[in-house]
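To start, the structure itself, in C-alpha cells.
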Amino acid sequence: MFRSLPRAAVFLLFATPVFAQGASIGFGGADHDSSLPVEITADQLDVSQSDGRAVFTGNVVVGQGEMRLTGEVVDVEYGENDTGETEIKRLHATGGVTLVNGSEAAEGQEAVYTIESGVVVLTGDVLLTQGENAMAGEKLTVNLETGTGVMEGRVRVVFKTQDAQQADEAQ
C-alpha cells in the first residue's frame, strides 16, 4: 500500500503543525468481530499435523470481516477450543506486514495476532495512518475488540489540522 513511497515522503504528505485533537489508535473499534471466519490465501502452504501449524508463504492475505493482514510469510498456530474443535489460535506474519481495516492502515516488519483476545502486536518500524493523520514508532499494540491501542518506541505523530484539511478541500 505505502511501500512504494519512502517513509519520509509519507510524513511530508502530512506535514502540518501537530495537535493532539481527535487522535486515536485502533482499528475499527468495537466493529471488529474476532469470531468471524478467517480466510487465508497464499502462493504456498506447508502443514505440520504433529505440531498444529500451517505456514503460508508468498503474497499472503489474511481476511477476517473487513480486516486484512498481509505479509510474505504467515505462520498459523492451531489448537483445540473448549469443545474440542480445532481452531486458529494465533497468526505470526513476517516480511513487509500490512494491517488494514477501513481507512486505517498500519505497516511493520512483523505482526502477531492472537485471535481469542483480538490483540495484534506490530513491531519493526511501524507506520500507522488514520485518514490524513500518521503515527510511527517501533511497536503498536492494537486491541481490535475495544478499538484501543498503544504505540511505543520513540513515537512520532503528525496530525492534519482542520484548517489544513479545509484548505486542501478548497483547492
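Given 107, 116, 145, 152, which one is modelled with pLDDT under 95, among the charged types (D, E, K, R) and closer than 15 Å to residue 67 by Cβ?
The unique qualifying residue is 145.
Let me confirm something: among 132, 110, which residue is of a type in the set (D, E, K, R) and touching a strand residue (DSSP E or B) at 6+ places or on another chain (Cβ under 8 Å)? Give the derivation first.
Working: 132 fails: touching a strand residue (DSSP E or B) at 6+ places or on another chain (Cβ under 8 Å).
Criteria check complete, one pass: 110.
So, of the residues in segment 114-164 that are among the aliphatic types (A, V, I, L, M) and in contact with a helix residue (DSSP H, G or I) (Cβ under 8 Å, 6 or more places away or on another chain), which turns out to be farthest from residue 63 (Cα to Cα)? So that I can check it myself, show each step before the final result.
We begin by selecting, within segment 114-164, every residue among the aliphatic types (A, V, I, L, M); these are 115, 119-122, 126-128, 134-136, 140, 142, 144, 150-151, 155, 157-158, 164.
Right, trim to in contact with a helix residue (DSSP H, G or I) (Cβ under 8 Å, 6 or more places away or on another chain) and you get 127, 134, 136, 158.
Details: 127: 20, 134: 24, 136: 24, 158: 29 Å.
Here the residue is 158.
The values are calculated or read from the model by the stated rules, or taken from the named source; none is laboratory data. Because the structure is a prediction, the values reported are computed rather than measured. No Cβ is skipped: glycine too gets one built from the backbone with ideal geometry, and neighbour counts run over all protein chains shown.
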